[in-house]
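To keep things clear, I will list the structure first and then write my remarks on it.
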Amino acid sequence: QVQLVESGGGFVQPGGSLRLSCVASGITFSTYEMRWYRQAPGKEREWVATSDGNNTDYAFAVKGRFTMSRDDTKNTVFLQLNNLKPEDTAVYYCNARLAFMIYWGQGTQVNVSS
């Protein structure tokens, strides 16, 4: 059974930081491309970042502020969120994909407000 479990969300003031984690089980983690997505209230889910183990790509809205990393020895992927803005408020989802196999976590809520 595949599970992706996110954690690390919370409330933070503008300019603050958070570190999200996603622990995977039931997959050969190192072979999977890992992604982060987010969904703000009333909006479509949007892609945030991708890591395939060799390269990392970011959406324009977060580039320079967010950093994605992975630890294949711990089946864990991270998303460091710096200089947070109110528009970063969303549920953040972890996503694992390999060919036609795609898995999602349950999400972790990030709220940025003064």
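The values are calculated or read from the model by the stated rules, or taken from the named source; none is laboratory data. This structure is a prediction, so every number in the text was calculated from the model and none was measured. Backbone-built Cβ (ideal geometry, glycine too); neighbour counts: all protein chains shown. Ligands, DNA and RNA are excluded from the accessible area calculation, which covers all protein heavy atoms including side chains. Shrake-Rupley method; radii C 1.70, N 1.55, O 1.52, S 1.80 Å.
Under a 5 Å amide H to amide H cut-off, with H placed in plane at 1.01 Å, what residues pair with GLY16 once short-range neighbours are removed?
Under 5 Å from the amide H of GLY16 lie the amide H atoms of LEU84, each far enough along the sequence or on another chain.
Please find, in a Gaussian network model of the chain (springs between Cα atoms separated by less than 10 Å), the residue of THR31, THR89, THR76 whose mean-square fluctuation is greatest.
For the chain, modelled as a Gaussian network with Cα springs under 10 Å, the answer is THR31.
Please list, or write none, the lysines whose alpha carbon is within less than 16 Å of the alpha carbon of LYS63, excluding same-chain residues fewer than 8 places away.
Within the straight-line limit of under 16 Å, LYS63 reaches these lysines: LYS85.
Whole-Hz Karplus ³J(HN,Hα) for region 86-91, in order, using 6.51 cos²θ - 1.76 cosθ + 1.60 and θ = phi - 60°, x for Gly and Pro?
With coefficients 6.51, -1.76 and 1.60, one gets x, 6, 7, 4, 4, 8 Hz.
Considering only DSSP states other than H, G, I, E and B, which chymotrypsin sites (Phe, Trp or Tyr not before Pro) in region 71-114 qualify as loop sites with at most 13 other Cβ atoms within 10 Å?
PHE100
Starting from 0.36 nm per residue, how many nanometres of slack lie between ASN54 and THR31 once their C-alpha separation is accounted for?
Gain on stretching ASN54 to THR31: 7.2 nm.
Which of the aspartates and glutamates could a cross-linker bridge to LYS43, judged by Cα under 20 Å and excluding same-chain residues fewer than eight apart?
GLU87, ASP88
Which whole-Hz ³J(HN,Hα) couplings does region 58-67 yield from phi under the Karplus relation 6.51 cos²θ - 1.76 cosθ + 1.60, θ = phi - 60°, glycine and proline marked x?
Once θ is set to phi - 60°, the couplings for region 58-67 become 10, 5, 4, 5, 10, 4, x, 10, 9, 10 Hz.
Applying the Karplus parametrisation 6.51 cos²θ - 1.76 cosθ + 1.60 with θ = phi - 60° to the phi angles of region 78-84, what ³J(HN,Hα) value in whole Hz is obtained for each residue in order, glycine and proline being reported as x?
With coefficients 6.51, -1.76 and 1.60, one gets 10, 9, 8, 10, 10, 6, 5 Hz.
Enter the accessible area per residue of region 37-114 (Å², integer; probe 1.4 Å; all protein chains in place).
I get 56 Å² per residue for region 37-114.
Pull up all non-local amide H partners of THR89: gap of 5 or more, or a different chain, and H-to-H distance under 5 Å with H placed in the peptide plane.
Hits under the 5 Å cutoff: VAL112.
Would you work out which of ASN83, LEU4, TYR32 lies farthest towards the positive end of the dipole of the chain? Charges go on Cβ: Lys and Arg +1, Asp and Glu -1.
With unit charges placed on the Cβ atoms, the residue in question is ASN83.
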